[in-house]
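The values are calculated or read from the model by the stated rules, or taken from the named source; none is laboratory data. The model shown is predicted, which means the values in this text are computed figures rather than measured ones. So basically every Cβ, Gly included, is an ideal-geometry build from the backbone, and we count neighbours across all protein chains shown. Side chains are part of the model used for accessible areas, which takes the heavy atoms of the whole protein and leaves out ligands, DNA and RNA. Shrake-Rupley method; radii C 1.70, N 1.55, O 1.52, S 1.80 Å.
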Amino acid sequence: MMAIPDYQSLMLPLLTLVSNEEGRIPDLAERIADNFNLSQEQRSIRVASGTKTLLIDRLHWAKTYLHKAGLVVGLRRGVFIASDAGRALLTKKPPKID
């Protein structure tokens, strides 16, 4: 069973998902969990505070760093899409983003 990926490992799949369509973390989480073949048990692991799942937390951190790097842009509260720079990076087919 694969461990829940760290936020760096989630950056490339997250950017790829929003390269052609806007997205929200809660909506993208299931697709990414499927991509990493995470079990239902892994998907339901919560952070210490219990407010959200570990996967959602790590996806938010991945989005934060993608935003700081200028690879995604916010459209409205909680909704984002890849920037031109993010799409340009994806054309180079990087093995990972860190």
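Using only Cα atoms and rounding to the nearest 10 degrees, what angle (0 to 90) does helix 25-35 make with the longest principal axis of the chain?
80 degrees
Could you work out how far apart the two model spin labels at ASN35 and LYS96 are, taking each label as a point 7 Å from the Cα in the direction of the beta carbon, and quote it in nm?
Those two pseudo-labels are separated by 1.5 nm.
Taking 7 Å along the Cα-to-C-beta vector as the label spot, tell me the GLN8-VAL73 distance in nanometres, rounded to one decimal.
Once both label points are built, they end up 2.9 nm from each other.
Measure nothing fancy, just the Cα-based angle from helix 54-68's long axis to the longest principal axis of the chain, in degrees from 0 to 90, nearest 10.
Once rounded, one gets 20 degrees.
Taking Cα atoms, how many degrees apart are the long axis of helix 7-17 and the longest axis of the chain, rounded to 10 and kept between 0 and 90?
60 degrees
Considering only protein heavy atoms and a 1.4 Å probe, what is the carbon-and-sulfur percentage of the accessible area of the chain?
Ligands and nucleic acids excluded, carbon and sulfur give 52 percent.
Counting only C-alpha contacts under 8 Å and six or more residues apart, can you give the relative contact order of the stretch 23-81 as a whole percent?
So the answer I get is 37 percent.
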